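For reference, the structure discussed in these notes is given below.
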Amino acid sequence: MTRPDAKQVKAMTDVAGVPQDSDVSARIANSIGPAFDGFAPVSGTLPMDLEPASFLLVQRAKVLK
Amino acid sequence: MSDEPALMSLVAVAKAIAGKKFSSREVTQSCLDRIAQWQPRVNAFMAIEADAALAAADAADAALAKGELSGPLHGVPLAHKDMYYDAGKVVTCGSKIRRDFVATTTSTALQRLKDAGTVRLGSLQMVEFAYGPTGHNPHYGAVRNPWNVDHITGGSSSGSGSAVAARLTFAALGSDTGGSIRMPAHFCGVTGFKTTVGLISRAGAMPLSQSLDTVGPLAQSVEDCALLVGLMAGADPEDPTTSMLPVPNYMAATTGSLKGLKIGVPTTFYVDDLDSEVARVLDETIATLRGEGAEIVKVDLPDQRQLTAACQIVLATEAAAFHKRWMIERPQDYGAQVLMRLQNGLAIPAVTYLEAMRWRGPALAAYLAAVEGTDAVIAPVAPMPAVTIAESDVGNSLDAEAVIQRITKFTRPINYLGLPSLSIPTGFTKSGLPVGMQLIGRAFDEAGLVRIGAAFQRATDYHQRVPKLA
């Protein structure tokens, strides 16, 4: 996973229905980029049999026992 | 007992009213007197409803005279973050967009406190739509720290932190999505309780991120927070995400000792790049906990930077979805920084968002494995004490997100994991600014944190110190 650049951000905001100009898109790319970098080691590594609801199973496992 | 009722703790004043040592009117008037003195200095209140509060206090006194006690907080005046819907009241959410929004329902958390007998003093300031960690607000002005009004309160529960610290209300609801209870508690020197996601209903509370939002109190003491959490926690048909687990007696945990407990200290991340005074206070806090009988052990946590990143992805995406309509129709009515942060969420692909949601279970499992055998982990709430309002007024500048990330560095991982975290006052800087630490527990083990926090507060007096009006 790589962080989106300003051009890609502009395209995404267009598709999202809240279009932004080039300056704002550049600013968004700068702001959100570190989150993409930080999550990169995880992205694309998760097994298929994993649902978001697994969080609740882990959260409540010890309490329910 | 103090001759100024507003200086009492929540638990003490509730007992004093029930025992007719003070009337609700006397207590409410004491709070209103302090509000009149402090509000021009700290801007903690959004609305002050003096006449209505005194009328409600009189009604509480009349009921008590007839032997009717409505609940454990009978006649106790409180004010809360202005994002909890209260039917018939304006709830601004700290925004221009909702300046005239009148709620048609009452939030479950607020209703449960009303059922316990509380009196409404008014509503408290907050960061616009609860989306910011400093306490700035371009529509209603920055809230100021009572310990030094040139410094931030932290956010987004800025008014809650400031008002409790200045003893304008005995307690206040906050909300914590990325640190919004713990940071004002840390910066303002009060106790704040971010509860396990799913413990307290979010029905009727303004949403920011449905996966991360949590309701919790700020108050003088751990005991006060324990009482409030016990009153608010538990299943709610209006919020199906609320846990069905029975609610423990948190007040029973306020008397336990630390003997036999293990408290973990992270070896990395939470101890890196600390301001020297925060580092000193952390060492002193650990020494106090050890002195009270706790065993201190080192814990090697999984990479917390990945949790911070995942939290940002989830928060930004969900916040943008909640606000999309207004981002299209009324972008000019947002403050620059909040609009900037909402726009960030437009640039996250759905697949990335869902990966961040899917990883939450394994990430929590890895964290719990790392802290296995400990009863809690202690860590700073933020790497620094309260910075000045001027130096953190970054608006939507290019480095704004970096500033925000540094302040929220130690709180966001806990939101992503959905764990409870109790922020307690643990010391002061040489210049007199408070420093707090967070006790991070296992899911739904709020009682364990209450036990540790209450024991610490029996051994120290940081939570009892009150700022002086300059």
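Below is a table of values for the structure above.
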| item | result |
| --- | --- |
| The stretch B:401-433 versus the stretch B:443-470: alpha-carbon centroid distance in Å | 16 Å |
| Fraction of beta bridges assigned by DSSP in the stretch B:171-328 that are antiparallel (%, nearest 5) | 65 percent |
| Global geometry of the stretch B:13-109, whether rounded, prolate or oblate, following the gyration tensor of its Cα atoms and the 1.5 cut on a/c | oblate |
| Charge dipole magnitude, Cβ of K and R +1, D and E -1 - chain B, Cα centre, debye nearest 20 | 200 debye |
| Hz values of 3J(HN,Hα) by residue in the stretch B:22-36 - Karplus curve (6.51, -1.76, 1.60), Gly and Pro given as x | 10, 7, 4, 4, 4, 5, 5, 5, 4, 5, 5, 5, 5, 4, 4 |
| For the stretch B:1-103, size of Cβ-based charge dipole, Lys and Arg +1, Asp and Glu -1, in debye | 300 debye |
| Accessible area in square angstrom per residue, the stretch B:229-359, 1.4 angstrom probe | 43 Å² |
| Distance violations [Cα-Cα > 26 Å] among B:K81/B:K298; B:K15/B:K114; B:K21/B:K66; B:K114/B:K262; B:K96/B:K468 | B:K81/B:K298; B:K114/B:K262; B:K96/B:K468 |
| Relative contact order (percent, whole number), chain B, Cα cutoff 8 Å, 6+ residue spacing | 17 percent |
| Structure-based [θ]222 nm, chain B - -39500 (n - 2.57) summed over DSSP H runs of at least 4, per residue, nearest 500 | -11500 deg cm²/dmol |
| Phi-based couplings in Hz for the stretch B:4-17 (Karplus 6.51, -1.76, 1.60; Gly and Pro marked x) | 10, x, 4, 7, 6, 6, 4, 5, 5, 6, 4, 5, 5, 6 |
| Computed accessible area, A:M1, all protein chains, 1.4 angstrom probe, square angstrom | 80 Å² |
| Karplus 3J(HN,Hα) series, Hz, for the stretch B:60-76 with 6.51 cos²θ - 1.76 cosθ + 1.60 (x for Gly, Pro) | 5, 5, 5, 5, 5, 4, 8, x, 9, 10, 6, x, x, 10, 4, x, 7 |
| Beta bridges per DSSP with both ends in the protein assembly as shown, % antiparallel, nearest 5 | 70 percent |
| Other protein chain Cβ atoms within 10 Å, averaged over every residue that makes up A:11-21 | 4 |
| For the stretch B:237-368: relative contact order, % (alpha-carbon pairs under 8 angstrom, 6 or more apart) | 25 percent |
| Exercise: per-residue mean of other protein chain Cβ atoms within 10 Å, B:348-357 | 5 |
| Within the stretch B:219-280, trypsin sites (Lys or Arg not before Pro) in DSSP loop having at most 12 other beta-carbon neighbours inside 10 Å | B:K259 |
| For B:V297, residues with placed amide H under 5 Å, excluding near neighbours | B:I263, B:G264, B:V265 |
| Contact order normalised by residue count of chain A, Cα under 8 Å, 6+ apart, percent | 36 percent |
| Rounded to 5, the percent of DSSP beta bridges in chain B classed as antiparallel | 70 percent |
| For the stretch B:143-207 and the stretch B:53-97, distance of Cα centres in Å | 19 Å |
| Proximal charge balance of B:T411 [Cβ under 12 Å; K/R count +1, D/E count -1] | +4 |
| Peptide-level mean, for B:400-410, of C-beta atoms on other protein chains within 10 Å | 2 |
| Anisotropy class of chain B from Cα gyration tensor, a/c 1.5 cut | rounded |
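The values are calculated or read from the model by the stated rules, or taken from the named source; none is laboratory data. Values in this document were obtained by computation on a predicted structure and should not be read as measured data. Note that each Cβ is placed from the backbone with ideal geometry, even for glycine, and that neighbours are counted across all protein chains shown. Heads up: the accessible areas ignore ligands, DNA and RNA and are worked out on the full protein's heavy atoms, side chains in. Shrake-Rupley method; radii C 1.70, N 1.55, O 1.52, S 1.80 Å.
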